[in-house]
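The next block holds one structure in the form of structure tokens; read it before the comments.
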Amino acid sequence: MSDVAATTVLRPHAEHEYADELAALVEVDDRPRPPGWKLSPWAVVRYLMGGPVGGSSDRVIIPKYVGSRRLIEIATATLATDRAVLLLGVPGTAKTWVGEHLAAAISGDSTLLIQGTAGTTEETLRYGWNYARLLADGPSEAALVPSPIHRGMARGAIVRVEELTRMPPEVQDALVTVLSEKVLPIPELDTELLAVPGFNLIATANDRDRGVNDISSALRRRFNTVVLPLPATIEDEVAIVSQRVEELGRALALPEIPSAADEIRRVVTIFRELRNGLTLDERTSLKVPSGTLSTAEAISVVTNGSALATHFGDGTLTPVDVAAGIVGAVVSDPIHDAVAWREYLEGVVAERPDWGDFYEACRDLDT
């Protein structure tokens, strides 16, 4: 994809959106690279965590992940071995985001992706067939339709499998031979595909949503599990939300919203307090809603508020713009969550002197 084309799509792939950063790192990266890698493990971590490019360049890389550097180092080092990586965590902990950027930095291609669902079949993981050619000529290389895993093994590239635990267990186990032997048998052609250097797999999973399936012990042994936590501090979470809202705003052609910092902090404060069941000053216990109230949801609430402020307001993000989004995110269960939200609104929000406008905006939604 050209640079021009990358600017005309709603969401460019990471390797296109940050192509200049990756190119800058390639120029100065003189450290050992595993076979098939575009960058050294050190440069991959620098790309994700941000910091000076180094060498004679004064460029600074934008952080893609705000959190523990050691976790990213562990994931990167694992991908340089013969083990795959399982990114585990509750929804909204940037598992998909980290996996995409790891693939972009290591292989220069984050598009080899399988989205796990209850309807995912073994053929989705292995290969399928062009049935017109299959019926006309029988099994052949020309009739075979390669899966992303097949293509990744042939190219020596990173493949991503999203929501591994959404797949039925018998489908998950189709990965065991691929990950342990680095081979994909194709019995219909009496042959097999051997992976070339650079191939590996990044899977994501969470055990919090409904509809998940356990991973067999045989498959889990093929992964090194890296647990991605929620942001440790409110400052980290505010920084993540601010950065992603700015990036999404550019992609959606939303003008820069002045004075958004206060509303972003308010949204993050509410989400952190409700999911922890405790106010930030640790003085008041709270009912915990059934939803995850993740960082990703906070980003969505603020982005939606920015759209409201742009198209139906004066361009300034106000409590009215974010109130509906917060209530919608918190109240997933109309019975339990509504009670938890009402108690929080009357017992915490109403008592905060600088939150009066937000309190009134939320009350207006109930009328």
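Of these, 104, 77, 132, 136, which one is buried (at least 19 other Cβ atoms within 10 Å of the Cβ), in a helix (DSSP H, G or I) and not assigned by TED's automatic domain parsing to the domain that holds residue 294?
104
So if I check each of 33, 59, which one is more than 30 Å from residue 293 (Cα to Cα) and in contact with a helix residue (DSSP H, G or I) (Cβ under 6 Å, 6 or more places away or on another chain)?
Result: 59 is the single residue among 33, 59 that is more than 30 Å from residue 293 (Cα to Cα) and in contact with a helix residue (DSSP H, G or I) (Cβ under 6 Å, 6 or more places away or on another chain).
Just a yes or no: is a residue in region 297-317 on the phi > 0 side of the Ramachandran plot, surrounded by 23 or more Cβ atoms within 10 Å (Cβ to Cβ) and either in the same structural domain as residue 354 (by TED's automatic domain parsing) or in contact with a helix residue (DSSP H, G or I) (Cβ under 7 Å, 6 or more places away or on another chain) (or both)?
No - not one qualifying residue is present in region 297-317.
Part of a loop (DSSP other than H, G, I, E, B) and either farther than 28 Å from residue 12 by Cα or without any contact (Cβ under 8 Å) to a residue 40 or more places away in the chain (or both): does that describe residue 272?
Values: part of a loop (DSSP other than H, G, I, E, B): no; either farther than 28 Å from residue 12 by Cα or without any contact (Cβ under 8 Å) to a residue 40 or more places away in the chain (or both): yes.
Spelling it out, it is not the case that residue 272 is part of a loop (DSSP other than H, G, I, E, B) and either farther than 28 Å from residue 12 by Cα or without any contact (Cβ under 8 Å) to a residue 40 or more places away in the chain (or both).
Could you pull out the residue among 72, 62 that is closer than 24 Å to residue 230 by Cβ, in contact with a strand residue (DSSP E or B) (Cβ under 9 Å, 6 or more places away or on another chain) and either of a type in the set (Val, Ile, Thr) or not assigned by TED's automatic domain parsing to the domain that holds residue 96 (or both)?
Going through 72, 62 in turn, just one is closer than 24 Å to residue 230 by Cβ, in contact with a strand residue (DSSP E or B) (Cβ under 9 Å, 6 or more places away or on another chain) and either of a type in the set (Val, Ile, Thr) or not assigned by TED's automatic domain parsing to the domain that holds residue 96 (or both): 72.
Looking only at region 239-259, decide whether some residue is in contact with a strand residue (DSSP E or B) (Cβ under 7 Å, 6 or more places away or on another chain) and either part of a loop (DSSP other than H, G, I, E, B) or loosely packed, with under 14 Cβ neighbours inside 10 Å (or both).
No.
So residue 36 ticks every box in (1) on the phi > 0 side of the Ramachandran plot; (2) within 19 Å of the chain's Cα centre (by Cα); (3) at pLDDT 95 or above; (4) of a type outside the set (D, E, K, R) but one. Which box is left unticked?
Condition (2) is where residue 36 drops out.
Condition first: among the hydrophobic types (A, V, I, L, M, F, W, C), free of Cβ contacts under 8 Å to residues at least 40 places away in the same chain and more than 28 Å from residue 334 (Cα to Cα). Can you find one or more residues in region 252-259 that meet it? Let's see the steps before the verdict.
Applying the first criterion (among the hydrophobic types (A, V, I, L, M, F, W, C)) to region 252-259 yields 252-254, 257.
In the following step, the residues that additionally are free of Cβ contacts under 8 Å to residues at least 40 places away in the same chain were identified as 253.
Checking the rest, the ones that are also more than 28 Å from residue 334 (Cα to Cα) come to 253.
Yes - at least one qualifying residue is present in region 252-259.
Which of the following residues is at pLDDT 90 or above, among the aliphatic types (A, V, I, L, M) and under 30 Å from residue 267 (Cβ atoms): 183, 178, 226, 161? Don't jump to the end; show me each part of the working.
On the way: 183 fails: under 30 Å from residue 267 (Cβ atoms); 178 fails: under 30 Å from residue 267 (Cβ atoms); 161 fails: under 30 Å from residue 267 (Cβ atoms).
Among 183, 178, 226, 161, only 226 is at pLDDT 90 or above, among the aliphatic types (A, V, I, L, M) and under 30 Å from residue 267 (Cβ atoms).
From the residues in region 199-215 that are surrounded by 15 or more Cβ atoms within 10 Å (Cβ to Cβ) and farther than 12 Å from residue 85 by Cβ, which one is modelled with the lowest pLDDT?
212
How many of the residues making up region 182-197 are part of a loop (DSSP other than H, G, I, E, B) and either touching a strand residue (DSSP E or B) at 6+ places or on another chain (Cβ under 8 Å) or crowded, with 21+ Cβ neighbours inside 10 Å (or both)?
Here is the first cut: in region 182-197, the residues part of a loop (DSSP other than H, G, I, E, B) are 182, 190, 195-197.
Add one more test, that the residue is either touching a strand residue (DSSP E or B) at 6+ places or on another chain (Cβ under 8 Å) or crowded, with 21+ Cβ neighbours inside 10 Å (or both), and what stays is 182, 195.
Summing the residues that are part of a loop (DSSP other than H, G, I, E, B) and either touching a strand residue (DSSP E or B) at 6+ places or on another chain (Cβ under 8 Å) or crowded, with 21+ Cβ neighbours inside 10 Å (or both) in region 182-197 gives 2.
Just give me the residues in region 166-194 being among the aliphatic types (A, V, I, L, M) and either within 16 Å of residue 118 (Cβ to Cβ) or over 26 Å from the mean Cα position of the chain (by Cα) (or both), in sequence order.
167, 171, 174, 183, 184, 186, 189, 193, 194 - these are the residues of region 166-194 that are among the aliphatic types (A, V, I, L, M) and either within 16 Å of residue 118 (Cβ to Cβ) or over 26 Å from the mean Cα position of the chain (by Cα) (or both).
Only one of (1) modelled with pLDDT under 90; (2) in contact with a helix residue (DSSP H, G or I) (Cβ under 6 Å, 6 or more places away or on another chain) fails for residue 350. Which number is that?
So the condition that residue 350 fails would be (1).
Residue by residue through region 142-181, note down the ones that are surrounded by fewer than 17 Cβ atoms within 10 Å (Cβ to Cβ) and assigned to a loop (DSSP other than H, G, I, E, B).
Matches in region 142-181: 142, 156, 168, 173.
What are the residue pairs meeting all of these: first residue in region 15-37, first residue free of Cβ contacts under 8 Å to residues at least 12 places away in the same chain, second residue buried (at least 18 other Cβ atoms within 10 Å of the Cβ), Cβ atoms under 7 Å, and 6 or more apart or on different chains?
Partner pairs satisfying both residue conditions: 32/40; 33/39; 33/40.
The values are calculated or read from the model by the stated rules, or taken from the named source; none is laboratory data. Just so you know, these numbers come straight off a predicted model, no measurement behind them. In this analysis, Cβ positions are derived from the backbone assuming ideal geometry, glycine residues included, and neighbour counts consider all displayed protein chains.
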